[in-house]
Amino acid sequence: MNKITAAITAVGKYLPDYVLTNKILETMVETNDEWIVSRTGIKERRILKEDGKGTSFMAIKASENLIAKSNLDPKEIDLVIVATATADMQAASTAAFVAAKIGATNAFSFDMDSACSSFLFGMSTVAAFIESGKYKKILLIGADKNSSMIDYKDRATCIIFGDAAAAVLFEPNMNGFGMQDEYLRTDGNGREFLKVLKGGSAYPFKKGEEFGTDEGYFVKQEGRTVFKNAVFNMADVSERILEKNNLTKEDINWLAAHQANKRIIDATANRIGLDDSQVMVNIEKYGNTTSATLPLLLADYESQLKKGDKIIFAAFGGGFSWGAIYFKWAYNTK
Ligand code: UT7
């Protein structure tokens, strides 16, 4: 009997309406469009502005988009995973709320967080569930409301991040499409270079503190250190996954790399010798959308993907966490 592999069979996305351009950022912090574009490749990003709407709002919209496009009956979904670094609330699963709202009444659900690698590690998790034969339809959603933890007075971070969600459906495949191989890593010594210090269990919110005035409640990063680690490690794992699978650059159709900085994406593509035409890029429109980045690339490039295309996924993020996945696309878009 053929081995079961975990294939992606549908994708959906959601972007908030509000567009935060580089020009608008020029009025908020000391920066300029030329610096942002040349140092990061970002021209604009989307922000979820409305009070009371969190990551789940975007995750639900992205899932509804997938359901409408694919005629999926949500009752058939076995498992909903929300990959996110910005859960709606502490001690209440965002995924459970999303599953309830999209009508996935027969599914169980949970959240997964490994910063910008959340979706990549989620793909590995989903593949294991599918390959076990226990589950047939798994919805993996990457969603982040990064604006909820960004200090719009800090030019080192506010120019980079945006809000978004995208969803993919995984199903078993008996013809070898989908997940092929993975190489995933973490190094917890890296957490001092990229983190939100306060609001978790180590430094909980204290009565009397006013959120919004204390820098500890915002993302802080040592950009240069994160940049160097991202360049080295994303390129390294991409090269390893090719070697491990006896692949050359000619075998690869696409690189789907985490979109944190265009220079990091270029360095990864250069290391494995890919041309620009083989590299998925949408950073100019959305910035770094953390867990939403990889599925958003798939949603944007879906019409160009062909059955059998070989894709290398790569990500690097807080933790540090990083890795690469070798994947075969399973369908042509009608
Ligand atoms: O997804 C999670 C992983 N995160 C990442 O991968 C992000 C990795 N890091 C980066 O992408 C880059 O480090 C940044 C985009 C954050 C910063 O770019 P950089 O080329 O590393 O700049 P830098 O921090 O080395 O700063 C260079 C100069 C400094 O001025 P001086 O000291 O040379 O006079 C900064 O103060 O650029 C200045 N600068 C800015 N200037 C205009 C820093 N941010 C800005 C800004 N606008 N927004």
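The values are calculated or read from the model by the stated rules, or taken from the named source; none is laboratory data. Remember, predicted model here, so these are calculated numbers, not experimental data. Reconstructed Cβ throughout: ideal geometry from the backbone, glycine too, with neighbour counts over all protein chains shown. We work out accessible area using only protein heavy atoms, side chains counted, and drop any ligands, DNA or RNA first. Shrake-Rupley method; radii C 1.70, N 1.55, O 1.52, S 1.80 Å.
Considering each residue of the range 194-206, count those that are open to solvent by less than 100 Å² (accessible area, probe 1.4 Å) and either touching a residue at least 24 places away in the same chain (Cβ under 8 Å) or under 26 Å from the mean Cα position of the chain (by Cα) (or both), and give that number. Break it down stepwise before answering.
We begin by selecting, within the range 194-206, every residue open to solvent by less than 100 Å² (accessible area, probe 1.4 Å); these are 194-200, 202, 204.
So of that shortlist, the ones also either touching a residue at least 24 places away in the same chain (Cβ under 8 Å) or under 26 Å from the mean Cα position of the chain (by Cα) (or both) come out as 194-200, 202.
Summing the residues that are open to solvent by less than 100 Å² (accessible area, probe 1.4 Å) and either touching a residue at least 24 places away in the same chain (Cβ under 8 Å) or under 26 Å from the mean Cα position of the chain (by Cα) (or both) in the range 194-206 gives 8.
For the subset of the range 32-63 comprising residues that are within 16 Å of the ligand (Cβ to nearest atom) and assigned to a strand (DSSP E or B), which member is most open to solvent (accessible area, probe 1.4 Å)? Please lay out each step first, then the result.
Taking the range 32-63 first, the residues within 16 Å of the ligand (Cβ to nearest atom) are 32-45.
After this cut, where a residue has to be assigned to a strand (DSSP E or B) as well, the list is 44-45.
Values: Glu44: 59, Arg45: 0 Å².
Among those residues, the one meeting the criterion is Glu44.
Of the residues Lys328, Lys228, Lys306, which single one is among the charged types (D, E, K, R) and either within 16 Å of the ligand (Cβ to nearest atom) or free of Cβ contacts under 8 Å to residues at least 24 places away in the same chain (or both)? Talk me through it step by step, then tell me what you get.
On the way: Lys328 fails: either within 16 Å of the ligand (Cβ to nearest atom) or free of Cβ contacts under 8 Å to residues at least 24 places away in the same chain (or both); Lys306 fails: either within 16 Å of the ligand (Cβ to nearest atom) or free of Cβ contacts under 8 Å to residues at least 24 places away in the same chain (or both).
Just one listed residue meets the conditions, Lys228.
Which numbered condition trips up Asp251, out of (1) under 25 Å from Val196 (Cβ atoms); (2) more than 16 Å from the ligand (Cβ to nearest atom)?
Just one mismatch for Asp251, condition (1).
How many of the residues in the range 90-105 are open to solvent by 90 Å² or more (accessible area, probe 1.4 Å) and either touching a helix residue (DSSP H, G or I) at 6+ places or on another chain (Cβ under 8 Å) or within 13 Å of Leu140 (Cβ to Cβ) (or both)?
Summing the residues that are open to solvent by 90 Å² or more (accessible area, probe 1.4 Å) and either touching a helix residue (DSSP H, G or I) at 6+ places or on another chain (Cβ under 8 Å) or within 13 Å of Leu140 (Cβ to Cβ) (or both) in the range 90-105 gives 3.
Could you tell me whether any residue of the range 2-24 is at negative phi, open to solvent by less than 10 Å² (accessible area, probe 1.4 Å) and within 16 Å of the ligand (Cβ to nearest atom)?
yes
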